[in-house]
Amino acid sequence: MPTIRLDNLVKRYGNVEVLHGIELEMAENEFTVLVGPSGCGKSTTLRMIAGLEDVSDGEIYVDDKPVSHLEPKERDLAMVFQDYALYPHMNVAQNISFALRLARRPKSEINAKVKEVAEMVGLTDFLGRKPGALSGGQRQRVAMARALAKDSGIFLFDEPLSNLDAKLRGQMRAELALMSQRVQKNMIYVTHDQIEAMTLADRIVVMHGGYIQQQGTPEELFKRPVNKFVAGFMGMPPMNFLDGALEERVGEIWVTGEGFDLKLSGEIAAKAKAHSSREVTLGIRPSDLSYDDAADPATALTLDVQVSEYIGAQSVLLCKCGSAQVMVEVNSESPVALGQTLTFAVNQRGVHLFDRTTENAL
Amino acid sequence: MRTAMANRLTPYMFMAPAAIIMAIALMYPLGYMVWGSFRDWNPSQTIGEAEFVGLKNYIFLWNDPNFHESLGVTLRFAFFVVTIEMVIGVGLALLLDREIRGISLLRTMFILPMMIAPVVVGLMWRYMYHPTVGTFNRFLDSIGLPRVDWLGDYALTSVIIADIWQWTPFIFILSLAALQSLPRSALEAARIDGATGWQQIIHIKLPLMMPVLIVTALLRLIDAFKVLEVILVMTEGGPGLSTEILALRISRTATEFRELGVAAAMSNYLLILLLLLTVGMFAFNRWQEARAARLNALVEEES
């Protein structure tokens with residue numbers, strides 16, 4: 001299925017530029033997720049690919065052919081909308097077959113296709129129903145089936161799960177992952193939910209303020225965020241940030257700030273040494289801190305435990321480090337009491353440093 | 001106990017003024033008319049002096065060729081007016097449902113005719129249709145075409161054109177409102193599914209607008225049956241009976257022929273016709289609500 005390339009894509013509404021030259025390449029059969037907070041330009045990018053928004057500048061290539069002047073229907077794509085966008089006056093079968101009927105495919109082929117995709121999404125018993133008589137999850141399935149029936153090379157999803165309740169969302173997410181394995185298509189998926197992005201994507205593109213911040217596999221983004229925004233956006237509970245300064249003492253490099261003094265080692269120490277500025281932000285994920293009374297104070301944080309949020313096997317401790325708040329993920333069995341000051345060992349491989357002015361990773 | 005009683009009565013007390021006004025301004029004259037329609041009643045008599053004749057007025061009208069003619073004119077007028085207005089009004093709405101420069105000014109201009117008093121509309125069109133000095137014939141003269149006897153040979157057509165000019169905007173604004181409340185994403189989905197502009201109109205827009213269009217058409221139909229002033233001013237029902245719609249015939253029967261009983265009976269026939277339409281409209285609304293409720297019930301049952 002086709003490759004898609006966005007070349008210096010710009011979108012302006014009047015004088016306001018909302019997308020500032022997006023460069024992106026999506027390989028064959030890749031599941032790409034555009035993720036970012038609302039207003040970051042991810043939906044606009046998707047709608048430009050779909051042809052629902054005009055391209056102000058730049059070009060979209062599908063298999064190296066420019067398509068930005070084409071109508072949506074000429075672009076060989078299917079789309080699932082956030083509000084499902086079903087045709088309320090047509091029943092499920094008519095909704096699914098609308099594109100095929102417009103294309104004047106033979107009746108037998110249409111019927112076979114409707115049956116096939118309805119089975120795929122589990123709607124066989126509801127083909128005669130109108131959308132008004134379906135639940136949210138069922139409507140979402142119809143939208144999915146309608147897109148599947150088109151047999152397009154490109155599949156676009158615009159926040160398809162955000163109108164569903166939490167439980168259904170999890171279930172549909174799993175089904176979507178299964179479906180994306182089965183149908184080999186180029187899928188582009190927009191969401192503001194980083195968990196959806198992490199679980200579904202072959203490749204995640206993090207957007208913010210009309211720019212691409214970083215793209216890569218979920219693991220790359222989680223382990224090696226290029227800047228503070230990506231680091232804070234990916235991962236739940238979010239990464240802790242502590243402002244500090246780099247100091248060299250007898251050949252070792254330390255990061256020190258209000259309430260902490262941490263010796264760096266390994267790769268991050270080398271990076272810190274090489275960096276010109278001394279003003280940094282220390283980033284540590286809640287899962288890279290572990291409760292350890294016997295930890296070496298040079299590679300540990302001492303925190304005041306204030307609140308414990310029990311979420312099952314894990315608990316999230318909200319702690320104070322100086323005036324900053326730090327979250328720690330611990331096993332719920334850990335003997336931690338509120339109000340205590342405890343030592344938490346820092347996983348050196350999980351230490352991130354960001355330049356305080358540019359916010360880029362060292 | 002007393003407060004409970006007072007609470008229960010409160011809504012009725014709030015409704016009472018409206019109910020009293022309705023009774024005085026609507027039910028009383030209506031009852032008077034129904035009562036009068038069973039009498040041989042001359043304007044010089046009080047209603048008590050008029051002789052009771054039972055259904056005589058109704059039977060007379062049932063067999064009266066002039067009444068038939070008038071009813072026919074009314075039906076033809078209403079049919080053509082509503083059909084053509086619907087087509088043009090909905091068409092305009094489909095055309096103007098877009099963001100282009102000056103569109104709001106254009107929309108405002110389109111609805112201006114609706115705001116002019118019917119008598120003024122009648123006078124305006126009578127002048128424009130005038131055989132010698134009217135705008136239309138002067139125009140035909142200037143481009144070398146023969147004159148047309150607008151309010152003579154083509155009286156009904158001319159009257160229909162004037163009504164279309166005045167009332168198309170009504171359908172236009174309602175259709176436009178309906179169009180703009182359609183779900184945008186469904187239309188976008190249709191574009192992606194490969195629907196052309198026409199196909200979007202036929203398969204998505206019109207079906208989704210249909211409930212509004214049906215109510216609009218019924219409202220216009222009811223109005224078209226009651227039209228009076230424009231035609232009265234333009235043709236006074238002539239030539240012959242060619243534009244004598246029912247409302248006009250009723251007024252002439254009462255004033256010129258001085259037969260109040262017959263006029264009342266004719267009004268009742270018209271009233272029955274309008275009631276049928278209104279009931280039809282309510283039935284349609286109820287049917288739609290019932291359908292929506294049934295669908296909701298079905299969903300809740302399953303979840």
Could you say whether any residue in the stretch A:114-126 is of a type in the set (A, V, I, L, M), touching a helix residue (DSSP H, G or I) at 6+ places or on another chain (Cβ under 8 Å), away from chain B (no Cβ under 14 Å) and closer than 25 Å to A:VAL206 by Cβ?
no
When you go through (1) under 30 Å from A:PHE155 (Cα atoms); (2) in contact with a His (Cβ under 9 Å, 6 or more places away or on another chain); (3) hydrophobic (A, V, I, L, M, F, W, C) one by one for B:ILE201, which number turns out not to apply?
(2)
Unique match (being of a type in the set (Lys, Arg), in contact with a Ser or Thr (Cβ under 7 Å, 6 or more places away or on another chain) and surrounded by fewer than 22 Cβ atoms within 10 Å (Cβ to Cβ)) among A:ARG173, A:ARG169
A:ARG173
Tally of residues being among the β-branched types (Val, Ile, Thr) and closer than 24 Å to B:LEU112 by Cα across the stretch B:126-170:
7
Among (1) under 13 Å from A:ALA93 (Cα atoms); (2) away from every other protein chain (no Cβ under 13 Å); (3) crowded, with 20+ Cβ neighbours inside 10 Å, the one test that A:GLN140 misses
(1)
Odd one out for A:ARG129, checked against (1) loosely packed, with under 15 Cβ neighbours inside 10 Å; (2) more than 23 Å from A:LEU46 (Cβ to Cβ); (3) at the interface with chain B (Cβ under 10 Å from one of its Cβ atoms):
(1)
Search the stretch A:69-89 for residues being without any contact (Cβ under 8 Å) to a residue 40 or more places away in the chain and more than 14 Å from A:LEU46 (Cβ to Cβ), and hand back the single one that is farthest from the other protein chains (Cβ to nearest Cβ).
A:HIS69
Residues to consider are B:ASN285, B:ASN296, B:ASN268; find the one that is part of a helix (DSSP H, G or I), more than 14 Å from every other protein chain (Cβ to nearest Cβ) and at pLDDT below 85.
B:ASN285
Residues that are charged (D, E, K, R): find the strands (runs of 3 or more DSSP E) completely inside the stretch A:247-362 holding 2 or more of those.
A:260-264, A:300-310
Strands (runs of 3 or more DSSP E) wholly inside the stretch A:1-71 containing at least 3 residues that are at pLDDT 90 or above and more than 19 Å from the chain's Cα centre (by Cα):
A:4-13, A:16-26, A:57-62
Taking the stretch A:95-119 only, how many residues are crowded, with 17+ Cβ neighbours inside 10 Å and among the polar types (S, T, N, Q)?
2
Over the stretch A:74-84, the set of residues part of a loop (DSSP other than H, G, I, E, B) and under 23 Å from the mean Cα position of the chain (by Cα) is A:PHE81, A:GLN82, A:ASP83, A:TYR84
Just to check your reading of the model, which residue among B:TYR32, B:TYR28, B:TYR12, B:TYR58 is hydroxyl-bearing (Ser, Thr, Tyr), modelled with pLDDT of 85 or more and surrounded by 13 or more Cβ atoms within 10 Å (Cβ to Cβ)?
B:TYR58
From the list B:ILE204, B:ILE192, which residue is among the hydrophobic types (A, V, I, L, M, F, W, C), over 24 Å from B:GLN288 (Cβ atoms), surrounded by 18 or more Cβ atoms within 10 Å (Cβ to Cβ) and free of Cβ contacts under 8 Å to residues at least 60 places away in the same chain?
B:ILE192
The condition from (1) outside any helix (DSSP H, G or I); (2) at pLDDT below 90; (3) within 13 Å of another protein chain (Cβ to nearest Cβ) that A:LEU156 misses is numbered (2)
Positions within the stretch B:157-186 being more than 14 Å from chain A (Cβ to nearest Cβ), closer than 19 Å to B:LEU96 by Cα and of a type in the set (Gly, Ala, Ser), in sequence order
B:SER175, B:ALA177
Enumeration of residues in the stretch B:187-217 that are of a type in the set (D, E, K, R) and either more than 10 Å from chain A (Cβ to nearest Cβ) or touching a Gly at 6+ places or on another chain (Cβ under 8 Å) (or both):
B:ARG191, B:LYS205
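The values are calculated or read from the model by the stated rules, or taken from the named source; none is laboratory data. Remember, predicted model here, so these are calculated numbers, not experimental data. Counting neighbours? That spans all protein chains shown, and the Cβs are built from the backbone with ideal geometry, glycine included.
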